[in-house]
Amino acid sequence: MVKITSLQKKDLKEVAFLVKKLDDFHQKLDSSYKGGTFKECFFYCKELFHKRNAKIFVARDQKRIVGFLVAMIKKTKYFFKPLLVGKISRIFVEENFRQKKIGEKLVEKAFEWFKKKKVKFVEVLCHSKNKNGLNFWKKMGFVEFAKKLEKKI
């Protein structure tokens, strides 16, 4: 049985390995992603661990972490109605643990945290080539709000 909890300091290294796997996935998806070294992934997790406006949730199968989600709260620009918005910046579940509702459980845990912090809107950014990711977020009730366009010059 998989249990969803907040990241504990002792688990930083284990989560950093999963962050590295996610970075590697994105790098294969699109060559514009730099990806990170394990050391960079570790310091990313460590930095978030100490922020009041960020939370890392983990999915633990007995003693092993098999997934994680990074949730943040940020202030919006002056021209948006909600003053605060929740942001799910990263989510990852080990391949052999997918299709078991672990991603959904991680998102629900983030929603609980956002609600406690009085956040009413949550956003995600998903690469347009990540079809599984796009389908997942749509299944979770997210709808398209804006499109980001890029041009290499």
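For region 67-73, take each phi angle, set θ = phi - 60°, evaluate the Karplus expression 6.51 cos²θ - 1.76 cosθ + 1.60, and give the result in whole Hz per residue in order, putting x for glycine and proline.
Karplus values, whole Hz, x for Gly and Pro: x, 8, 9, 10, 10, 9, 10.
Would you please give the residues with an amide H less than 5 Å from that of THR76, counting only those at least 5 places away or on a separate chain, with H modeled from the backbone geometry?
HN-HN under 5 Å from THR76: LEU84, VAL85.
Can you tell me how much longer the chain between LYS101 and LYS63 gets when fully stretched, taken as 0.36 nm per residue apart minus their C-alpha distance, in nm with one decimal?
Value of the extension gain: 11.8 nm.
May I ask for log10 I(q)/I(0) of region 41-129 at q = 0.21 Å⁻¹, from a Debye sum over the Cα atoms as equal point scatterers with solvent left out?
-1.09
Work out from phi, with θ = phi - 60° and the Karplus expression 6.51 cos²θ - 1.76 cosθ + 1.60, the ³J(HN,Hα) of each residue of region 5-19, listed in order in whole Hz, and give x for Gly and Pro.
Rounded to whole hertz, the list is 9, 6, 4, 9, 3, 5, 9, 4, 5, 5, 5, 4, 5, 6, 4.
Go through region 16-98 and name the chymotrypsin sites (Phe, Trp or Tyr not before Pro) that are in a DSSP coil and have 14 or fewer other Cβ atoms within 10 Å of their Cβ.
TYR33, TYR78, PHE79, PHE80
Can you give the relative contact order of the chain as a percent, counting alpha carbon pairs under 8 Å and 6+ residues apart?
Over the chain, the number comes to 20 percent.
If I build a Gaussian network model for the chain, linking alpha-carbon pairs within less than 10 angstrom, which residue out of VAL107, VAL85, VAL15 has the largest mean-square fluctuation?
VAL85
Report the trypsin sites (Lys or Arg not before Pro) located in region 1-90 that are in a DSSP loop and have at most 16 other Cβ atoms inside 10 Å of their Cβ, or state none.
The qualifying sites are LYS34, LYS51, ARG52, LYS63, LYS77.
Based on the Cα atoms of the chain, what semi-axes does the equivalent ellipsoid have, where each is the square root of 5 times one gyration tensor eigenvalue, given in whole Å with the largest first?
Whole-Å semi-axes of the equivalent ellipsoid: 23, 20, 17.
Tabulate in residue order the Karplus-calculated ³J(HN,Hα) for region 148-153, using 6.51 cos²θ - 1.76 cosθ + 1.60 with θ = phi - 60°, rounded to whole Hz; enter x for Gly and Pro.
So the J values, rounded to whole Hz, are 9, 10, 10, 8, 7, 10.
Any of LYS20/LYS117; LYS28/LYS87; LYS74/LYS101; LYS9/LYS63; LYS39/LYS87 with alpha carbons more than 22 Å apart? Name them for me.
Pairs exceeding the cut-off: LYS20/LYS117; LYS28/LYS87; LYS74/LYS101; LYS39/LYS87.
Give the aspartates and glutamates whose C-alpha is closer than 13 Å to that of LYS129, dropping any in the same chain fewer than 8 places away, or say none.
By straight Cα distance, LYS129 reaches ASP30.
Could you calculate the contour length gain from LYS81 to LYS46, that is, 0.36 nm times the residue separation minus the distance between their Cα atoms, to one decimal place in nm?
That works out to 9.4 nm of additional length.
R0 = 22 Å: FRET efficiency of PHE145 with ASP30, Cβ-based, nearest 0.05?
Taking R0 as 22 Å, the efficiency between PHE145 and ASP30 is 0.55.
Readers should treat all values here as calculations from the given coordinates under stated rules, not as data from a laboratory. Since the structure is predicted, the reported quantities are computational estimates derived from the model, not experimental observations. Positions of Cβ are backbone-derived with ideal geometry, glycine not excepted, and every protein chain shown enters the neighbour counts.
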